[in-house]
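Visitor: Sharing a structure here in structure tokens format.
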Protein chains: 2
Amino acid sequence: MERVDGRKLRFQHRRGEVLAAATEHALEKGLDDLSLRKVAQSAGVSHATLVHHFSSKDRLVAEVVDQVLSVTLSLPDLPRDHPDPIRAIWRRVTDRRARRYVRLFVAITGHAMYGDPALAKAVADSMRQRNELIAAGLIRYGCPESEAQAVATSLVSTIRGLLSDLFATGDEQRVTAAFDDFAAEVERRVLRGFA
Amino acid sequence: MERVDGRKLRFQHRRGEVLAAATEHALEKGLDDLSLRKVAQSAGVSHATLVHHFSSKDRLVAEVVDQVLSVTLSLPDLPRDHPDPIRAIWRRVTDRRARRYVRLFVAITGHAMYGDPALAKAVADSMRQRNELIAAGLIRYGCPESEAQAVATSLVSTIRGLLSDLFATGDEQRVTAAFDDFAAEVERRVLRGFA
């Protein structure tokens, strides 16, 4: 039986709290505004505690990015046996909670364009994993395996591009109309059996 | 006849050179790396000259962003009477010169998510103008006016999303296959007269 170190457990717990506070800060203000000082303030811990857990700002940012990527990755999966899977994805990625994560994802992708290699790799891995996930879903809906990756990449790109338009312009009506147009095309395609 | 002030002309000329150097720096390194000191160095001018022309880093960044947005805005227009307009756009936005601008555009869009309101407005205006441009082009290709804005927004979003995937992952083959799949769908749609 493993012995439990109470002090270590408390520290672990505290680490999770601090990371949650840092993620919350980034969701509100973006990564540029993330400083050890500000996170220490909002988490109610000392600068020393923060350094104890994360050693540097870069490390903290990397962990916040991991958190955000794993949440956004889980968002746009194709639900099984759904009458309208594309619209189900759209509802998921545009709901109140998801929007905050997707907005930060758009910002992180921007950072990755000239960012440090670790950040760029995290974003690239996340995009590839998401495409694989959707490709697997498309196969369940009858898409031939040979086409699934191309269709998935194009589908995910359209949704990503629409969300980036929505968050940059705030034009809810225009972007929603564009999504409806797109979803109708995808439905046509599913109905004709991806032929 | 207007009198020409030689000194003013030289200054104007120098201003253009400095802005070009700053834009070049941003295209290589992103906006985060843009400092008055570095731009002064690469343009071969004094810090005082830079401040004379642009007054502050924020002003300089704003002008670089304007430059980049106007170049990227002119990229994805639908060529007139082209047998394959969608593929023509893709070739334009993925050529060697355009890629540098589009990469910086993705980074600027990321900044706009939590950036100052002026930057956010510039990005929003640029996206809206681009959609209008493509909508006008689609109408020339027989798209009903009532649908043109939705189709344009969806089309531009797909291309934007694919480029963001391409620059983040570098997966040239996967993204190109996705674009081909998408272009074939658009052709189908044009052939059936947008019905």
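The values are calculated or read from the model by the stated rules, or taken from the named source; none is laboratory data. None of the values given here were measured: they were computed from a predicted structure. Virtual Cβ from ideal backbone geometry, glycine too; neighbours counted across all protein chains shown.
Visitor: May I ask you to say which residue of B:GLN149, B:GLN173, B:GLN129 is surrounded by fewer than 18 Cβ atoms within 10 Å (Cβ to Cβ), assigned by TED's automatic domain parsing to the domain that holds B:ILE89 and touching a residue at least 12 places away in the same chain (Cβ under 8 Å)?
Guide: That would be B:GLN129, the only listed residue that is surrounded by fewer than 18 Cβ atoms within 10 Å (Cβ to Cβ), assigned by TED's automatic domain parsing to the domain that holds B:ILE89 and touching a residue at least 12 places away in the same chain (Cβ under 8 Å).
Visitor: Okay, next question. Within region A:41-55, can you find the residues that are of a type in the set (S, T, N, Q) and in contact (Cβ under 8 Å) with a residue 12 or more places away in the chain?
Guide: Those that are of a type in the set (S, T, N, Q) and in contact (Cβ under 8 Å) with a residue 12 or more places away in the chain: A:SER42, A:THR49.
Visitor: Tell me yes or no: at least one residue of region A:94-111 is within 14 Å of chain B (Cβ to nearest Cβ) and more than 29 Å from B:ASP33 (Cβ to Cβ).
Guide: Yes.
Visitor: Counting only residues that are of a type in the set (Phe, Trp, Tyr) and surrounded by 17 or more Cβ atoms within 10 Å (Cβ to Cβ), which one in region B:176-194 is farthest from the other protein chains (Cβ to nearest Cβ)?
Guide: By that ranking, first place goes to B:PHE179.
Visitor: Could you tell me which numbered condition B:ASP58 fails, if it satisfies all but one of (1) in contact (Cβ under 8 Å) with a residue 40 or more places away in the chain; (2) under 19 Å from the mean Cα position of the chain (by Cα)?
Guide: (2)
Visitor: I would also like to ask the following. May I ask you to list the residues in region A:70-110 that are in contact with a Leu (Cβ under 6 Å, 6 or more places away or on another chain) and under 23 Å from B:THR109 (Cβ atoms)?
Guide: A:ARG92, A:VAL93, A:ALA98, A:ARG100, A:VAL102, A:LEU104
Visitor: Next question, about the same structure. Would you check which residues across region B:79-119 are farther than 22 Å from A:ARG160 by Cβ and of a type in the set (A, V, I, L, M) and list them?
Guide: B:ALA88, B:ALA118, listed by residue number.
Visitor: Another question about this same structure. Limited to region B:135-175, what total is found for residues that are of a type in the set (Lys, Arg) and within 7 Å of chain A (Cβ to nearest Cβ)?
Guide: We begin by selecting, within region B:135-175, every residue of a type in the set (Lys, Arg); these are B:140, B:160, B:174.
From the residues that got through so far, the ones that are within 7 Å of chain A (Cβ to nearest Cβ) too are B:160, B:174.
Number of matching residues: 2.
Visitor: While we're on this one: Can you find a residue in region A:176-188 that is at pLDDT 95 or above, of a type in the set (S, T, N, Q) and within 30 Å of B:ARG189 (Cα to Cα)?
Guide: Checked region A:176-188: at least one residue is at pLDDT 95 or above, of a type in the set (S, T, N, Q) and within 30 Å of B:ARG189 (Cα to Cα).
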